[in-house]
Amino acid sequence: MKSVTERFLKYVKFDTQSLDDMESVPSTEKQKKLALALVEELKEIGAQNVRTDDHGYVYATIPATSKRELPVLGFISHMDTSNAISGKDVNPRIISGYDGRDIVLNDELKIIMETSQYPSLTSYIGQDLIVTDGTTLLGADDKAGIAEIMFVAETLLTHPEIEHGTIQIGFTPDEEVGRGVDFFDVKGFGADFAYTVDGGELGEIEYENFNAAGAKLQIQGISIHPGSAKDKMQNALLLAMEFQSMLPVEQNPRYTDNYEGFFMLAALEGSVDSAKAAYIIRDHDRAKFEEKKIRFQKIADYLNDKYGAGTFHVDIKDSYYNMKEMIEPHIHLIDNAKKAMEELGITPIIAPIRGGTDGARLSYMNLPCPNLCTGGVNFHGRYEYISIQSMEKVTDILLKIIELYSK
């Protein structure tokens, strides 16, 4: 039986980056390569009803061993990785018995993960860390979750003496671009409740997340020779900067934490003649979230009055909503996750997600689905790492949750 580490090191070799602004799901065909590999692996370990579809979703069933009627639990992770930094040719390295010092990721390129910048490293002294070579992300978000679920699946299938209800497994594409459950077959999945395994450090349990929207800003300028531009030129890039200056400075992600929402300028490109900007808008509070969207539009309206109708065009689309109101009627999901960790000597950390997961949208699709830790740290960047011991403990947590729902 492969260890969770062996599985993880295998999965991160698949380049599965998703892309924004693509109409297709998955947004990149290469995600299907991992999907097909997981299908074969699930069949090999004896899972039932193993299947994938045209969109790259993977589903499988671990049959119940209990004769009693028990809830059907689901465990879900996503296959894609962020496009914030390359995910191609990932070259992981294991640091055995980490000594607490700065980690040289790439000596040739002088890429060093310094404890002064990443003090969480000191919490892992003595553990075995998997790191990058500094040129790519690692992919623990969320291939660690896949590895952990797959390890648990094989554990249950090779130990029929473990009593449990039916377990459903799902792996999704395109979570990182907000489309991870666009075509998720909730009915066919057949779970009463589920957990996404897509969180960070060991102990995290999350059932509150941002309400989220994406905003696209189109700016039409007037280009004219600078020598005769007086009272005529309208530089689209400067207009974009003016728009940004009218958003509240304190509601920049750099200055927010916990339940504080924000406006984030994610991309800006253009010329004097025209420009376009992409924003993300976030807030845990639904009323404040709606106010933010209204404020965004009002700024555009004001600037259109100032510079002429049609100068600014706004397109805002909601991405997902806070799952809290959908989870609270099923708070046993949180209680059992906490109990599982406590029985294993792991301190539960319940905190709001400053982002979102597939579970947020699934919860609004009548599949209550809070989020559990994977053990990963510093997602979406070259300084990403994960502790082998944390991954192993996450598999223990999943097995303990299954045990608690089997009593």
Mind checking which strands (runs of 3 or more DSSP E) fall wholly inside the range 61-147 and carry at least 1 residues that are closer than 30 Å to L362 by Cα and among the aromatic types (F, W, Y)?
-> 73-78
Under the condition of being surrounded by fewer than 15 Cβ atoms within 10 Å (Cβ to Cβ) and out of contact with any strand residue (DSSP E or B) (no Cβ under 6 Å at 6 or more places or on another chain), which residue from the range 270-287 is nearest to P253 (Cα to Cα)?
-> A287
Kindly check whether there is at least one residue in the range 380-394 that is assigned to a helix (DSSP H, G or I), polar (S, T, N, Q) and closer than 30 Å to E114 by Cα.
-> yes
Can you name the number of the only condition in (1) farther than 25 Å from N378 by Cβ; (2) in contact with a Ser or Thr (Cβ under 8 Å, 6 or more places away or on another chain); (3) in a helix (DSSP H, G or I); (4) of a type outside the set (K, R) that E163 fails?
-> (3)
Residue among D21, D54 that alone is modelled with pLDDT of 95 or more and assigned by TED's automatic domain parsing to the domain that holds E175 | D54
Looking only at residues in the range 99-138 that are surrounded by 19 or more Cβ atoms within 10 Å (Cβ to Cβ) and hydroxyl-bearing (S, T, Y), which one is farthest from V377 (Cα to Cα)?
-> T136
Check whether at least one residue in the range 309-323 is within 27 Å of Q234 (Cα to Cα), assigned by TED's automatic domain parsing to the domain that holds E250 and without any contact (Cβ under 8 Å) to a residue 60 or more places away in the chain, and report yes or no.
-> yes
Odd one out for G308 among (1) in contact with a Lys or Arg (Cβ under 7 Å, 6 or more places away or on another chain); (2) at positive phi = (1)
Can you spot a residue in the range 337-358 that is free of Cβ contacts under 8 Å to residues at least 60 places away in the same chain, assigned to a loop (DSSP other than H, G, I, E, B) and touching a helix residue (DSSP H, G or I) at 6+ places or on another chain (Cβ under 8 Å)?
-> yes
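The values are calculated or read from the model by the stated rules, or taken from the named source; none is laboratory data. Predicted model, so just to flag it, every value in this text is computed and none were measured. Heads up, the Cβs are rebuilt from the backbone with ideal geometry, glycines too, and the neighbour counts pull from every protein chain shown.
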